[in-house]
Amino acid sequence: MIDVVVIGAGPAGTAAAFDLLVKGFSVLLLDKYEFPRKKACAGGITPKALSLFRYDIGALVKRQCRSIKIRPPGKSSFLIQNNNPICHMTQRWELDFFSLQKVLAKGGQFQKVKNFSIEGKASHVQIRTSNQLIKARYLIGADGANSRVRRLTDSSCQVVRYPAIEADVEVENPGFHKMEFDFSMPGKGYYWVFPKDNHINIGIYSTTGSPGLQQKQLAEYAKIRFGKNCSGKIRLKAFKGYSLGVGGYTLNPVKKGRALLVGDAAGLAETLLGEGIYFALKSGQAAAQAIANAHGSNTLPGVFYAREIKKIRRELRLYYLSSKCLYSFPSISLNLLSRPFFHKRFAQGYADGKTLGQIISLL
């Protein structure tokens, strides 16, 4: 019998698996894809997320951004900047593959599994695939916003899904471009510009919950922004659409019995800017600690996980309230942020790896 099965080998799943292996548990990671695999994600890593990795990912960083351009609706853009990096740019497929290799090096196992069913027992969990029956003492669902684990363990748990689309654009001298959040375009949400080493990643994040984002919108934006910097017709490469799992501050990610949900599967992305990797890592590590605390006792891990994740849910509520202010009153909110008193403190806070709650407490 395996100690822990983790379904989903992204940041949340590998963070949980790595910590469990360090604590002496046997771990089997399941994912529907072979690695390395394509992954929809802009790949920005905040300093607070970077600090949570148990291993050095410096070799994966394509660019360190010390300034962010903000484009408000109907007004001039302004910069948020700091002497230290505010965001680290990576390629998500590289990050996930690297993290999985770290888990395997620690003694973890990995299998590609597309379809499975789950049955909870008093002393363990059974995961049945097309060709095997896997028994585990505990189960962690880290399989994203459309989580099958969530649907099989608690069909009443409904995570809100916010849509995003992205693509890569080749431009001349990508190093000249700054990281940007563009709030000047129509719709609730923003367009982003994330410069990498040899290209620029652009995308749209929407807080409407509607899946109506289209490639045409992104192509038109690329033409407006980069038409003069591209030789010939602008072509979007590696176009992807995906959902972010949000709303976790209102949900109980503790499933009945021995299953826990982490990351987007538990709706633990924040709604302000859509950052998910920090909360994925944080919740994955919290789940690992909860299982370690519960193992050998008469208490199920959910009791400990609820305590571990309480701070995360409180922080997510603050992000939600902030997003309501920003997207309901974007002009007023961004006008305040444009003032040096505010944006210098936000830049310093992000560069120092502080959470939104910690930053606001210092204003």
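Hey, can you tell me all the residues within region 183-201 that are of a type outside the set (S, T, N, Q) and within 24 Å of residue 329 (Cα to Cα)?
183, 185, 186, 187, 188, 189, 190, 191, 192, 193
Here are some conditions: (1) at pLDDT 95 or above; (2) at negative phi; (3) within 19 Å of the chain's Cα centre (by Cα). Residue 39 meets all but one. Which one does it not meet?
(1)
Suppose we filter region 115-147 for residues that are of a type outside the set (A, V, I, L, M), out of contact with any Phe, Trp or Tyr (no Cβ under 8 Å at 6 or more places or on another chain) and part of a strand (DSSP E or B); how many remain?
Looking only at that region, the number is 8.
Give me a count of the residues in region 171-228 that are in a loop (DSSP other than H, G, I, E, B), of a type in the set (Gly, Ala, Ser) and modelled with pLDDT of 85 or more.
Total meeting the criteria: 2.
Could you pull out the residue among 49, 59 that is in contact with a Pro (Cβ under 9 Å, 6 or more places away or on another chain) and under 30 Å from residue 111 (Cβ atoms)?
Every option except 49 fails the conditions.
What is the residue count in region 112-123 for residues that are under 13 Å from residue 133 (Cα atoms) and within 26 Å of the chain's Cα centre (by Cα)?
Counting residues in region 112-123 that are under 13 Å from residue 133 (Cα atoms) and within 26 Å of the chain's Cα centre (by Cα) gives 5.
Tell me, which residue of region 325-336 that is touching a helix residue (DSSP H, G or I) at 6+ places or on another chain (Cβ under 8 Å) and exposed (fewer than 15 other Cβ atoms within 10 Å of the Cβ) is nearest to residue 272 (Cα to Cα)?
Among those residues, the one meeting the criterion is 325.
If residue 119 passes every condition in (1) closer than 24 Å to residue 96 by Cα; (2) open to solvent by 30 Å² or more (accessible area, probe 1.4 Å); (3) not polar (S, T, N, Q) but one, which one does it miss?
The failed condition is (1).
What are the residue pairs meeting all of these: first residue in region 31-47, first residue among the aliphatic types (A, V, I, L, M), second residue crowded, with 20+ Cβ neighbours inside 10 Å, Cβ atoms under 6 Å, and 6 or more apart or on different chains?
42/166; 42/194; 42/201; 42/203; 45/88; 45/90
Run down 304, 279 and say which single residue is over 16 Å from the mean Cα position of the chain (by Cα) and buried (at least 20 other Cβ atoms within 10 Å of the Cβ).
Going through 304, 279 in turn, just one is over 16 Å from the mean Cα position of the chain (by Cα) and buried (at least 20 other Cβ atoms within 10 Å of the Cβ): 304.
Looking for something under 14 Å from the mean Cα position of the chain (by Cα), at positive phi and open to solvent by less than 20 Å² (accessible area, probe 1.4 Å) - is there at least one such residue anywhere in region 48-61?
For region 48-61, residues under 14 Å from the mean Cα position of the chain (by Cα), at positive phi and open to solvent by less than 20 Å² (accessible area, probe 1.4 Å): absent.
What pairs come out if I take residues in region 145-167 that are more than 19 Å from residue 317 (Cβ to Cβ) and open to solvent by 40 Å² or more (accessible area, probe 1.4 Å) and pair them with residues that are of a type outside the set (Ser, Thr, Tyr) and not in a strand (DSSP E or B) whose C-beta lies under 8 Å away, six or more apart or interchain?
Close Cβ pairs (under 8 Å, with a partner that is of a type outside the set (Ser, Thr, Tyr) and not in a strand (DSSP E or B)) amount to 148/116; 154/255; 154/256.
Just name the residue that is nearest to the chain's Cα centre (by Cα) out of those in region 195-216 that are open to solvent by less than 20 Å² (accessible area, probe 1.4 Å) and within 17 Å of residue 272 (Cα to Cα).
205
So residue 249 fits all but one of (1) buried (at least 24 other Cβ atoms within 10 Å of the Cβ); (2) in a helix (DSSP H, G or I); what number is the exception?
The one condition residue 249 does not meet is (1).
Scan region 27-60 for residues that are closer than 17 Å to residue 191 by Cβ and part of a loop (DSSP other than H, G, I, E, B) and report the count.
Total meeting the criteria: 4.
Identify, please: which residue in region 337-363 is aliphatic (A, V, I, L, M) and open to solvent by less than 40 Å² (accessible area, probe 1.4 Å) and is, among those, nearest to the chain's Cα centre (by Cα)?
356
The values are calculated or read from the model by the stated rules, or taken from the named source; none is laboratory data. Keep in mind that what you see is a predicted model, and the values were worked out from it rather than measured. Using ideal geometry, Cβ is built from the backbone for each residue, glycine included, and neighbour counts are taken over all protein chains shown. Ligands, DNA and RNA are excluded from the accessible area calculation, which covers all protein heavy atoms including side chains. Shrake-Rupley method; radii C 1.70, N 1.55, O 1.52, S 1.80 Å.
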